[in-house]
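Everything below concerns the one structure shown next.
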Amino acid sequence: MKEREMNEMEFNQLLDTAARRPLTAQEEARLRAHLAANPQAQPVWEEEAGLTRLLNRLPDAPLASNFTARVMRAVERESYRRSRASGVFRWFGRLRPVYRFATAGSLLVLAALGYFQYQAVSREKMAASLATVADTVGATSEVAPLPAVEMLKDFDAIYLLGRTRPQADEDLLATLSQVAMK
Amino acid sequence: MAANPDPDAALMLRVKRGDRGAFEDLVNKYKQPVMNIICRTIGDATEAEDLCQNVFVQVFKSADRYRVSAKFSTWLYTITRNLCLNEIRRRSRHPADSLDVTHPDNDAQPLRQFEDTKNPSVPETLLREELERKIQQALAELPDNQRIAILLCRQEDVSYEEISRVLGCSLSATKSLIHRGRETLKQRLKPYLRTGAWKGTEK
């Protein structure tokens with residue numbers, strides 16, 4: 001039974017196939033039949049086949065004989081780097097959930113204790129500073145006693161007196177100058 | 001669930017569980033295809049080897065996040081493509097060294113040394129090397145995505161669907177990229193298409 005002739009789409013499909021792998025015997029037979037029936041397709045086929053031949057001539061790129069060993073060494077270095085960086089987190093991740101919560105809780109309690117301890121120490125230091133100030137004031141008052149409290153009752157008025165400048169009595173000055181002129 | 005489970009995906013799942021032997025097997029299987037793609041994409045064999053190493057280190061580092069949603073090779077070539085494009089972008093920001101720069105340890109020696117073509121060993125070898133250079137040059141002049149698509153096409157076990165996933169575009173766009181790339185290569189390599197040889201050898 002005569003094989004059906006290829007149409008153009010099938011011919012292009014065959015060209016694609018030939019570009020990727022050698023044609024089977026059946027495919028070659030179909031191609032020969034198509035080229036015999038369509039001579040104008042011959043140069044198209046020859047160009048495609050020629051290009052495939054040229055691309056297949058390209059040799060393998062040079063690769064060092066110890067390439068795999070180098071890759072494995074690079075991978076070992078990478079593993080070592082990652083294990084050092086994540087050692088603590090990896091250890092934490094390996095714990096069972098109840099132990100993970102217990103560890104996290106303990107760390108929180110320690111942090112809270114540390115904070116309160118810091119607050120207590122700060123307050124002690126402040127109290128010590130205030131005691132020093134009180135001692136200093138007490139010592140100073142023995143040398144120069146502070147005024148009685150009653151004297152400080154009208155403190156505001158006394159304070160203002162000290163700050164205001166006396167105003168001239170102009171009527172008195174006018175009278176005195178008239179007397180002087182007589 | 002795939003009808004034919006991917007053996008490389010199974011290896012990668014073992015790597016995820018800490019199996020270094022499985023990782024070594026994957027490196028041995030894919031080091032050459034990955035190196036071929038990188039070398040032809042960035043055009044520098046020395047840098048390509050370092051980049052190839054980085055690809056596999058990245059695969060190892062990403063093992064925890066690996067999911068069997070596609071073939072392992074698709075994932076691997078996606079990482080390869082991304083690192084290649086990063087390198088190309090880095091080079092565009094930092095131009096290449098001058099050919100006149102001397103080696104840091106020896107002022108009399110240039111930083112980059114090239115083969116002395118004035119003293120050829122065997123003519124056929126030279127011609128073959130010249131042709132390979134022409135092909136490499138034509139590939140290098142393609143846009144990045146076209147070049148990577150054509151290089152991935154050379155891997156028989158990578159389907160068009162996988163190539164489209166690696167490139168991050170549709171299947172039709174991928175086929176279009178490959179078609180346009182091949183048309184451009186045919187134009188640039190026209191003198192060599194018929195005979196597959198350099199013109200100098202034609203009688």
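The values are calculated or read from the model by the stated rules, or taken from the named source; none is laboratory data. From a predicted model like this one, the values you see are computed outputs, not experimental measurements. For neighbour counting, all protein chains shown are included, and Cβ atoms are generated from backbone atoms with ideal geometry for every residue, glycine included.
Kindly check whether there is at least one residue in the range A:122-135 that is modelled with pLDDT of 85 or more and under 31 Å from the mean Cα position of the chain (by Cα).
No: the range A:122-135 contains no residue that is modelled with pLDDT of 85 or more and under 31 Å from the mean Cα position of the chain (by Cα).
Find all pairs meeting these conditions: Cβ atoms under 6 angstrom apart; at least six residues apart or on different chains; first residue within the range B:179-193 and on the phi > 0 side of the Ramachandran plot; second residue modelled with pLDDT of 95 or more and surrounded by fewer than 20 Cβ atoms within 10 Å (Cβ to Cβ).
From the range B:179-193, no pairs qualify.
Restricting the search to the range A:6-30, which residues are of a type in the set (Lys, Arg) and not in a loop (DSSP other than H, G, I, E, B)?
Passing the criteria: A:20, A:30.
Condition (residue is more than 17 Å from residue B:131 (Cβ to Cβ) and touching a residue at least 24 places away in the same chain (Cβ under 8 Å)) applied to the range A:45-52: is it met by at least one residue? So that I can check it myself, show each step before the final result.
Here is the first cut: in the range A:45-52, the residues more than 17 Å from residue B:131 (Cβ to Cβ) are A:45-46, A:48.
If we keep only those that are touching a residue at least 24 places away in the same chain (Cβ under 8 Å) too, we end up with A:45, A:48.
Within the range A:45-52, one or more residues are more than 17 Å from residue B:131 (Cβ to Cβ) and touching a residue at least 24 places away in the same chain (Cβ under 8 Å).
State which residue pairs qualify: first residue farther than 13 Å from residue B:73 by Cβ and inside the range B:154-173, second residue outside any helix (DSSP H, G or I) and small (Gly, Ala, Ser) in any location, beta carbons under 8 Å apart, and separation of 6 or more residues or different chains.
What qualifies is B:164/B:170.
Could you list, in sequence order, the residues of the range A:30-48 that are exposed (fewer than 15 other Cβ atoms within 10 Å of the Cβ) and among the small types (Gly, Ala, Ser)?
A:36, A:37
Tell me yes or no: at least one residue of the range B:116-131 is at pLDDT 85 or above, surrounded by 14 or more Cβ atoms within 10 Å (Cβ to Cβ) and part of a loop (DSSP other than H, G, I, E, B).
no
How about the range B:1-75: which helices (runs of 4 or more DSSP H) wholly inside it have at least 1 residues that are more than 10 Å from every other protein chain (Cβ to nearest Cβ) and touching a residue at least 60 places away in the same chain (Cβ under 8 Å)?
B:7-16, B:20-42
Specify the residue that is modelled with the highest pLDDT; the eligible residues are those in the range A:74-92 that are surrounded by 11 or more Cβ atoms within 10 Å (Cβ to Cβ) and polar (S, T, N, Q).
A:79
So which residues in the range A:7-29 are farther than 26 Å from residue B:149 by Cα and surrounded by 11 or more Cβ atoms within 10 Å (Cβ to Cβ)?
Correct list: A:29 only.
State whether one or more residues within the range A:49-56 are out of contact with any Phe, Trp or Tyr (no Cβ under 8 Å at 6 or more places or on another chain), of a type in the set (A, V, I, L, M, F, W, C), surrounded by 15 or more Cβ atoms within 10 Å (Cβ to Cβ) and more than 8 Å from every other protein chain (Cβ to nearest Cβ).
Yes, there is a match, as at least one residue in the range A:49-56 is out of contact with any Phe, Trp or Tyr (no Cβ under 8 Å at 6 or more places or on another chain), of a type in the set (A, V, I, L, M, F, W, C), surrounded by 15 or more Cβ atoms within 10 Å (Cβ to Cβ) and more than 8 Å from every other protein chain (Cβ to nearest Cβ).
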